[in-house]
Amino acid sequence: VSGLVTLLVPGSLQPFLPARRRRERVGAAVDGTSTIGHLVQSVGVPLTEVGELLRCDDEGDAAAGEPLDVEARPRAGEVIRMVEIGRPQPTPSAPPRFLLDVHLGTLARRMRLLGLDTAYRNQAADDELTRWALAESRMLLTRDRGLLRRRALRRHAAFVRGDDPDLQLHDVLDRFDPLRRPWTRCPACNGLLAPVAKAEVDSVLLPGTRRCYDEFVRCTGCGAVYWPGAHRHRLQNVIDAAPGAATEHDRGGPTR
Ligand SMILES: [Zn+2]
């Protein structure tokens, strides 16, 4: 070890630092061969959460600073500012496709309720998730920082903030601002929903449902039948939990 690089960490990224080092200026040991990307991750901040790295003067002023490539090798004594990734963040595909890590099943259902293309399986190894995200140009959402360290996922993965699904959904909508189209996807399998005539699904309906509802949709993937009216209250709760949400209605599209 030949010295320290000073990393300037914005407040929004400080939660990634170990509790005892949670402050703006953090020293990272350099040996002349480590890349700046490696140093940033060595203090606990996933590169997926960093937009830019700026070389600063000793006062931390980045005005004259130049953006650094993550492969750049900083020298001892340098001061480098991390800038959080901008929101809304571009995604590998438009409209965005998502892939959720195995522990985010509740979030997956809520995202599907809002019509977001959300792949999810409750069992998948990290290698499999990585291949899947890249093969289908999906943004992988996870709370596993080990997964976020993978180089291939640099712009294909994101940390989801919050322990509970309400906070997580809020974070995802705020970060990517995807177009919401409620009740266009099956919450169970992510398949597209299509309107279906009542007569066609009559045989699977319970008498109470048959009496109370006239509008039905069926999943083109798994065949599940839904009557959105029965879920309107629940769906409204999901939408209300996401203030600032842009639905197709807000953008002048058809309502549902
Ligand atoms: Zn389905």
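The values are calculated or read from the model by the stated rules, or taken from the named source; none is laboratory data. Note that the structure is predicted; figures quoted are calculated from it, not measured. Don't worry about glycine lacking a Cβ; one is built from the backbone with ideal geometry, like all the others, and counts go over all protein chains shown.
Numbers below:
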item	result
Of all residues making up the range 175-220, the number that are in a loop (DSSP other than H, G, I, E, B), more than 14 Å from the ligand (Cβ to nearest atom) and among the hydroxyl-bearing types (Ser, Thr, Tyr)	1
Meets criteria (away from the ligand (no atom under 16 Å from the Cβ) and among the β-branched types (Val, Ile, Thr)) for Val172	yes
Single condition Gly223 does not satisfy, out of (1) more than 15 Å from Gly115 (Cα to Cα); (2) at pLDDT 90 or above; (3) away from the ligand (no atom under 16 Å from the Cβ); (4) not hydrophobic (A, V, I, L, M, F, W, C)	(3)
Where a residue in the range 213-228 is aliphatic (A, V, I, L, M) and its partner, wherever it lies, is within 9 Å of the ligand (Cβ to nearest atom) and assigned to a loop (DSSP other than H, G, I, E, B), with Cβ under 8 Å and at least six apart	Ala224/Cys186; Ala224/Ala188; Ala224/Cys189
Residue in the range 239-253 that is in a helix (DSSP H, G or I) and either of a type outside the set (Asp, Glu) or modelled with pLDDT under 70 (or both) present	yes
So Thr91, is it over 30 Å from Trp227 (Cβ atoms), β-branched (Val, Ile, Thr) and not in a helix (DSSP H, G or I)	yes
Leading residue by the ranking (farthest from the chain's Cα centre (by Cα)) among those in the range 21-38 that are closer than 26 Å to Pro88 by Cα and not in a loop (DSSP other than H, G, I, E, B)	Ile36
Count - residues of the range 138-169 that are closer than 13 Å to Leu104 by Cα and in a loop (DSSP other than H, G, I, E, B)	7
Count - residues of the range 114-137 that are surrounded by 24 or more Cβ atoms within 10 Å (Cβ to Cβ) and hydrophobic (A, V, I, L, M, F, W, C)	4
